[in-house]
Every structure is written in structure tokens, then in C-alpha cells.
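The values are calculated or read from the model by the stated rules, or taken from the named source; none is laboratory data. Just so it is clear, the model here is predicted, and its values are computed rather than measured. Positions of Cβ are generated from backbone atoms using ideal geometry, with glycine treated the same way; all protein chains shown enter the neighbour counts. Heavy atoms of the whole protein, side chains included, go into the accessibility calculation; ligands, DNA and RNA do not. Shrake-Rupley method; radii C 1.70, N 1.55, O 1.52, S 1.80 Å.
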Amino acid sequence: MILMIKKHIKTIIITSILILAPMLVGIILWDKLPAQVPTHFGVNNQPDSYSSKAFAVFGIPFLMLALHIVCVFATKLDPKMKGINDKVFTLVLYIIPAVSLLICAVIYPVALGKEIRVGLIAILFMGLIFTVTGNYLPKCKPSYTVGIKLPWTLEDSENWNKTHALAGKLWFAGGLIIIATSFLESPVIFFTITAALVLVPTVYSFTLYKNKRDKTE
């Protein structure tokens, strides 16, 4: 595991710095930020939860960094880690930094009185995540931490490969649809597409498993 971490140490350091970068922005804006900073928003783009300035500036980035480290070690401790594509692992490493930077790009302007279409930004971001992830899903090898982890995909490499090939196409297309409809800022459209992107590969995978089981009986 140590050798594997050394292999990606440069990327881990870069992504960790990106996660903590919002702290520097917060320090620069410290005197301008209010005592309570909006950290959660409703579907109407209005803040519905606030946190102290100290937590917004320092607490959130450090929590993101802790989650990042957990993801790194959880992935590296995966007994199937040898099968994880390096590009896929790199993608995993950049997801939390992207979230940390997005949070910074939203909460600081809103705290300073700027009007931000939070719903639009969030849906665009998720659409981009689905699109990029869809491009990499077919490259995923069986593992317990990355990919569509179902009992029957983990037991059968053929099932895994076929499921991820289908899911990759669906997620890529679904992500583009989410991006294209993001201007509507509709939670119904977003969650409907997301549910389809989860359920269709799951049902397809189970169908493959059931058909193969029936043939062997």
C-alpha cells in the first residue's frame, strides 16, 4: 500500500492543496465576511442554514481534507486495488477538491451579498461529474470501492464489464442531458435522470446474473 501511495503522492499533495485553497480566500475576505456564513441552500436558491465564519473558512476545508484522506486509504486498502485503473483513481482524487472549490465559489459570494444561482451551479456540477465519470466507468476493474458494486458484479467479471460498459454510456449521455436542462433548475428532472442512471444498470446487471444462473441450473 505504501508503494501505491508513493506512486500517486504528487497528485495527492496537489489535490490536498486544492482542497485547502478556499481557506486562503476566506482569510483574505475575513474582515468582509459576516459572523454567520450561509452553508446550505434550499431549492429556491436561498440560504436555509448558517455556520460560524471560522467553520466556513477553516472547518469545511479541513473536513473535506479528512474525507479526502479517508477515500485515499479506503481505496488503497481495497484488496482488489491492483485492478483499479490509474486514470480512474486520479479521477477519484480530484472529486473532493472540485467539491471544496465549488463550495468556496458559492458560499463566499453569497455571504458578501451577491446573488448566486446555487441550484444551477449544483446541477451543472453534477451533470459534469456524471459525464466525466461515464467516460471512465468502462475502464473500471472489479473493486470494492470504485464502480457499481453489487454482489453479482463483484462475483462475475463478465457481469462487471458488461454493466460498466452500459453504465458508462448512460452516465455520459445522462450527464449531458442534465447539463442541457440545468437552466430549468428542476429538482424533479435532475432526480428522475439520476434515478434512471442508478436503476437501469442495476436492473441490467441483475438480469445478466439471473439469466446466467438459470442456464447453469
Long-range HN-HN contacts of THR39 with modeled amide H, under 5 Å: SER49, TYR50, SER51
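Using the crude model of +1 on Lys and Arg Cβ and -1 on Asp and Glu Cβ, and no other charge, please compute the dipole size for the chain relative to its Cα centre, in debye to 20.
Values: 20 positive and 11 negative charges, 138 e Å.
Charge dipole of the chain: 660 debye, to the nearest 20.
Please report Rg over Rh for the chain, where both radii come from the alpha carbon positions and Rh follows the Kirkwood definition. Let's see the in-between values first.
Working: Rg = 19.9 Å, Rh = 19.2 Å.
Taking Rh as the inverse mean 1/r over Cα pairs, Rg/Rh reads 1.03.
What is the gain in length, in nm to one decimal, between PHE62 and ILE95 on full extension, counting 0.36 nm per residue of separation less the C-alpha to C-alpha distance? Each step should come with its number before you reach the end.
Numbers: separation 33, 0.36 × 33 = 11.88 nm, distance 1.53 nm.
The span from PHE62 to ILE95 would gain 10.3 nm if fully extended.
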On Cα atoms only, tilt of 157-181 relative to the major axis of the chain in degrees: 40
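Taking only protein heavy atoms into account and a 1.4 Å probe, give the accessible area per residue of the chain in Å².
Numbers: 12060 Å² over 217 residues.
Per residue, the chain has 56 Å² of solvent-accessible surface.
How about segment 80-189: which chymotrypsin sites (Phe, Trp or Tyr not before Pro) there are in a DSSP loop, with at most 14 other Cβ atoms within 10 Å of their Cβ?
Working: sites: PHE89, TYR94, PHE125, PHE130, TYR136, TYR144, TRP152, TRP160, TRP171, PHE172, PHE183; in loops: TYR144.
In loop regions of segment 80-189 (DSSP not H, G, I, E or B), the sparsely surrounded chymotrypsin sites (Phe, Trp or Tyr not before Pro) are TYR144.
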The chain: angle of helix 60-76 to the longest principal axis, Cα-based, in degrees nearest 10: 20
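Tally Lys and Arg at +1 and Asp and Glu at -1 over the other residues with C-beta under 15 Å from the C-beta of TYR136: what net charge comes out?
On the way: positive: LYS87, LYS139, LYS141, LYS169; negative: ASP86.
Taking every Cβ under 15 Å from that of TYR136, the sum is +3.
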Histogram of C-alpha separations across segment 15-69, 5 Å bin width, %: 4, 20, 24, 22, 19, 11, 1
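Using helices alone, I'd like the mean residue ellipticity at 222 nm for the chain: each DSSP H run of four-plus residues gives -39500 (n - 2.57), total over residue count, nearest 500.
Details: 8 runs with 148 residues, N = 217.
Taking each H run of at least 4 residues, the total per residue is -23000 deg cm²/dmol.
Convex hull volume of the Cα atoms in segment 30-156, per residue, in Å³? Could you put the intermediate results ahead of the total?
Working: hull volume 15.3 nm³, N = 127.
It is 120 Å³ per residue.
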Surface/4 estimate of mean projected area, convex hull on alpha-carbon atoms of segment 100-217, nm²: 8.3
Nearest 10 degrees, 0 to 90: helix 9-28 Cα axis against the chain principal axis: 30
Spatially proximal lysines relative to LYS114 (Cα-Cα < 21 Å; intrachain offsets below 8 disregarded): LYS32, LYS53
Cβ-based net charge around ASN44, under 15 Å, with every Lys or Arg adding one and every Asp or Glu removing one: -2
Heavy-atom accessible surface of the chain: percent carbon and sulfur, 1.4 Å: 70
